[in-house]
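Novice: One structure follows; several queries about it will come next.
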Amino acid sequence: MEREKTPTAADLQRFDKQYSETGLFRKIGKFARRAGCKTVYYVLVLYYTLMDPKTPARYKTTIAGALGYFILPFDFLPDLLPGAGMVDDWGALLAAVAYVATAITPEIKAKAKAKLADWFGSYSEADLGDLK
C-alpha cells in the first residue's frame, strides 16, 4: 500500500488562486460541526495569520494555498465521504501550520479561540490539539 506524502509549501501554493474569504467562511459554515472544533481552529489560526500584516509574503502564499485547497468543492477525497472526506484537507492544514509556525503568535491564537467560541460555544483546550 502506497503511503500518501505530506504536501509541501510548493504543493499548497498551487491552490492559492482558489482562496477567498467568502468561500472560506461558506465552507466553515457548511462543514464546521462535521469537521470539528480542532479543524475549524486550525483554519481560523491560518486565516488570522494570513490577515496579519507582519506575516511574511512567502507564508501568506502557502496559507492561501492550504485554505484554497480546504474550500475547493472537488478534492482528492470528497468532503462528503463519511470519516475520510476531510483527511486530505486536514493534511494540507497541518502542512501549512507546520510551515508557518513561527508566524503564529499568541494574539492570532486568541483571535481564533474567540471566533471558535462564537461558533461552537464552549470547548475544551484539549479539543484544539497541539496548537493551543
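The values are calculated or read from the model by the stated rules, or taken from the named source; none is laboratory data. This structure is a prediction, so every number in the text was calculated from the model and none was measured. Methodologically, a virtual Cβ is constructed for each residue, glycine included, from the backbone with ideal geometry; neighbour enumeration extends over all protein chains shown.
Novice: Quick check on this structure: which one of 55, 62, 22 is farther than 22 Å from residue 113 by Cβ and modelled with pLDDT of 90 or more? Walk me through how you get there before you give the answer.
Specialist: Numbers: 55 fails: farther than 22 Å from residue 113 by Cβ; 22 fails: modelled with pLDDT of 90 or more.
The match here is 62.
Novice: Could you list, ordered by first residue, the pairs with Cβ atoms under 7 Å in which the first is in the stretch 38-59 and more than 12 Å from residue 28 (Cβ to Cβ) and the second is basic (Lys, Arg) and part of a helix (DSSP H, G or I), at least 6 apart or interchain?
Specialist: 45/109; 48/111; 50/60
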